[in-house]
């Protein structure tokens, strides 16, 4: 009889509504509920009790309205609560994960991005003497540029031959496309040194190409940037710039215009 009496007492004191039962479980065991809310996220919740209480408060009226419905309906609304809390507190994905998903969806296949440059061009170059020294002395060169397709466009080879008041510049540019990263690796060499330089890495977006690397210049580590701009069927521009302050400021030292 005592066992039956205890059972009857606990039955009478049970939470009357589904919302009461959910609140009782959530507030008595916040760690468990927080674990459910963050199953697909690595975000750490600082104050689980307060976050869960606000989430419960948002849906309290809905739970009471469907309290007498079947367990399946209750499950649906419970899922709704978890989704609402996830959306409200931003637990679904970290910013890095969202950026990664966006990149996967919108990643551009840039294998054909250098096609505009194939063929013969006239080239005019303005070159800053003594970069990163405060010098503003420039010299001009004129000559030709020829770019040839390699591997059906997945690579290309460019040659420039220029003359100016300080002599002749013969340069070679090798560009190779990486289909996995969807980026180009651009190497440059000139005939005076015969050394193929470190790759400039980058690509094109909205008609503008940007490529970066880090290398030594006069014994100092600097950043180097190439920018292709104003691209059209008959002309385009190329700028090279150096930065010795980690990319905060850039000094242009190679301004080239190509026409045909």
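The values are calculated or read from the model by the stated rules, or taken from the named source; none is laboratory data. Just so we're clear, the structure is a prediction, and the values are computed from it rather than from any experiment. Cβ atoms come from the backbone with ideal geometry, glycine included; neighbour counts cover every protein chain shown.
Set side by side, the residues 208, 260, 220, 175 differ, and just one is surrounded by fewer than 15 Cβ atoms within 10 Å (Cβ to Cβ), more than 24 Å from residue 133 (Cα to Cα) and either in contact (Cβ under 8 Å) with a residue 40 or more places away in the chain or over 19 Å from the mean Cα position of the chain (by Cα) (or both), which is 260.
Filtered by the rule that a residue be loosely packed, with under 15 Cβ neighbours inside 10 Å and either in contact (Cβ under 8 Å) with a residue 24 or more places away in the chain or closer than 25 Å to residue 114 by Cβ (or both), segment 162-171 gives 165, 166, 170. Could we say that residue 223 is touching a strand residue (DSSP E or B) at 6+ places or on another chain (Cβ under 8 Å), in the same structural domain as residue 156 (by TED's automatic domain parsing), under 25 Å from residue 142 (Cα atoms) and in a strand (DSSP E or B) here? In short, no. Per the conditions (1) over 20 Å from the mean Cα position of the chain (by Cα); (2) exposed (fewer than 15 other Cβ atoms within 10 Å of the Cβ); (3) in a loop (DSSP other than H, G, I, E, B), the sole criterion not satisfied by residue 248 is (1). Being in contact (Cβ under 8 Å) with a residue 24 or more places away in the chain and either surrounded by 16 or more Cβ atoms within 10 Å (Cβ to Cβ) or not in a strand (DSSP E or B) (or both) holds for only one residue in 134, 158, and it is 158.
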